[in-house]
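Structure first, commentary second.
The values are calculated or read from the model by the stated rules, or taken from the named source; none is laboratory data. These numbers were taken from a predicted model, which means no experiment stands behind them. Positions of Cβ are generated from backbone atoms using ideal geometry, with glycine treated the same way; all protein chains shown enter the neighbour counts. Heads up: the accessible areas ignore ligands, DNA and RNA and are worked out on the full protein's heavy atoms, side chains in. Shrake-Rupley method; radii C 1.70, N 1.55, O 1.52, S 1.80 Å.
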Amino acid sequence: MTIAPVQSSTSLGSSGWTDTRLILALEEVVETELNRHLGVAKEWMPHEFVPWSQGRDFDGVLGGEAWNIEQSKVTPLGRVSLVVNLLTEDNLPSYHHEIATMFGREGAWGTWVHRWTAEEGRHGIAIRDFLLATRAVDPVELERARMNHMSEGFESDNAHSMLHSVAYVAFQELATRIAHRNTGKFAGDPLCEQLLAKIANDENLHMVFYRNLLKAALEIAPDQAMRAIADVVTNFRMPGHGIPGFERAAAQIALGGVYNLRIHHDDVLQPVLRNLRVMEIGGLGPEGMVAQNELGVFLDGLDAQARKFEERQAAMQARRAARRAAE
Ligand SMILES: [Fe+2]
Ligand SMILES: [Fe+2]
């Protein structure tokens with residue numbers, strides 16, 4: 001690292017590293033990670049995943065056929081989940097604004113911000129083209145939901161702190177990867193699954209970038225980074241939480257096994273925390289130790305909540321199976 005903290009790390013307090021100094025100190029790591037990312041990210045073409053031959057005119061200007069639900073070949077869970085995933089991707093201008101404001105548009109940081117934005121842009125394009133060509137969802141409802149959601153914008157919960165922002169995106173990119181992958185699994189359409197697997201792969205590379213950055217942050221400012229991780233994990237919300245009808249959709253997505261507390265705990269939080277050995281890091285100051293402890297208590301509580309959720313989920317599935325058997 002070329003930039004030293006203002007004070008020695010043992011006496012740091014939360015003011016030892018300002019965001020500006022952290023951004024400068026991490027620039028080398030960003031450059032390394034950016035080059036690694038560019039080396040492993042493989043170009044792919046969204047248009048190849050869209051069955052254009054299935055597409056036809058809609059009603060309105062072209063006087064084609066209006067959408068109706070019988071035309072949709074994806075599962076009901078797939079429909080709900082695909083729309084949440086797409087609207088989440090659609091809000092990219094707001095996310096870009098957030099990270100460009102936080103990380104800047106200069107140097108390696110800026111190159112990453114723009115490259116990441118370009119990759120994310122492909123996700124919304126690909127999913128929308130797929131949904132419209134296959135008539136998987138109501139195009140009018142989708143457009144109104146997009147207008148509504150984007151008009152609200154997106155304000156990060158973590159804009160006050162660079163370390164909180166990095167910690168959040170490390171978990172959020174993995175959450176998005178898992179949400180896309182599981183949506184594909186349950187959508188009931190092999191091509192849709194392939195497309196979402198491709199997108200999930202991009203999200204995974206994004207996660208790796210931010211996770212490695214967070215690792216470097218834990219090395220240079222361990223107490224502050226630990227505090228950021230504890231805050232982000234204990235207050236985590238999906239980026240699409242502002243989508244109209246999100247609560248109801250999230251409940252369906254949870255029960256259907258696309259994304260729920262168990263998945264969040266086992267497949268999102270734990271892999272990142274284990275990779276960074278967050279719970280094993282020693283030599284922390286008092287601030288870091290308090291945060292690490294808070295995190296441990298929270299994770300135990302979340303695991304218990306996830307167990308309760310699974311019991312409810314199993315009971316509901318049993319009731320549904322019994323209802324089907326009685327029909
Ligand atoms: Fe994405
Ligand atoms: Fe991503």
Of all residues in the range 307-316 being free of Cβ contacts under 8 Å to residues at least 24 places away in the same chain and open to solvent by less than 100 Å² (accessible area, probe 1.4 Å), the one that is farthest from the chain's Cα centre (by Cα): Ala315
Which numbered condition Ala291 fails, given (1) closer than 30 Å to Leu213 by Cβ; (2) in a helix (DSSP H, G or I); (3) open to solvent by 60 Å² or more (accessible area, probe 1.4 Å): (3)
Matching option when the condition is touching a residue at least 12 places away in the same chain (Cβ under 8 Å), open to solvent by 20 Å² or more (accessible area, probe 1.4 Å) and among the β-branched types (Val, Ile, Thr), among Val74, Val61, Val50, Val29: Val29
Enumeration of residues in the range 103-137 that are assigned to a loop (DSSP other than H, G, I, E, B) and either crowded, with 19+ Cβ neighbours inside 10 Å or touching a strand residue (DSSP E or B) at 6+ places or on another chain (Cβ under 8 Å) (or both): Thr134, Arg135, Ala136, Val137
Conditions (1) more than 20 Å from Leu34 (Cβ to Cβ); (2) open to solvent by less than 30 Å² (accessible area, probe 1.4 Å); number of the one not met by Tyr168: (1)
Conditions (1) closer than 29 Å to Gly288 by Cα; (2) touching a residue at least 24 places away in the same chain (Cβ under 8 Å); number of the one not met by Thr20: (2)
Residues located in the range 138-162, provided they are more than 17 Å from the chain's Cα centre (by Cα) and surrounded by 18 or more Cβ atoms within 10 Å (Cβ to Cβ): Asp138, Leu142, Ala145, Arg146, Ser161, Met162
Residues located in the range 172-192, provided they are in contact with a Lys or Arg (Cβ under 9 Å, 6 or more places away or on another chain) and either surrounded by fewer than 19 Cβ atoms within 10 Å (Cβ to Cβ) or among the aromatic types (Phe, Trp, Tyr) (or both): Gly188
Failed item, numbered, when Asn201 is tested on (1) under 26 Å from Arg79 (Cβ atoms); (2) more than 12 Å from ligand 1 (Cβ to nearest atom): (2)
Residue within the range 255-271 that is among the charged types (D, E, K, R) and open to solvent by less than 40 Å² (accessible area, probe 1.4 Å) present: yes
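Here's the yes/no breakdown for (1) in contact with a helix residue (DSSP H, G or I) (Cβ under 9 Å, 6 or more places away or on another chain); (2) within 15 Å of ligand 1 (Cβ to nearest atom):
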position	(1), (2)
Thr88	yes, yes
His97	no, no
Trp109	yes, no
Thr117	yes, yes
Asp138	yes, no
Met147	no, no
Glu152	yes, no
Any chance Gly184 is modelled with pLDDT under 95 and within 30 Å of Ala321 (Cα to Cα): no
Single residue of the range 204-232 satisfying the filter (free of Cβ contacts under 8 Å to residues at least 60 places away in the same chain and either under 19 Å from Asp267 (Cα atoms) or open to solvent by less than 30 Å² (accessible area, probe 1.4 Å) (or both)) that is farthest from the chain's Cα centre (by Cα): Tyr210
Filter result for the condition that a residue is within 16 Å of ligand 2 (Cβ to nearest atom), open to solvent by 30 Å² or more (accessible area, probe 1.4 Å) and either in a helix (DSSP H, G or I) or on the phi < 0 side of the Ramachandran plot (or both), over Ala197, Ala251: Ala197
Residue among Leu86, Leu92 that is over 30 Å from Thr32 (Cα atoms) and either within 12 Å of ligand 2 (Cβ to nearest atom) or open to solvent by less than 20 Å² (accessible area, probe 1.4 Å) (or both): Leu86
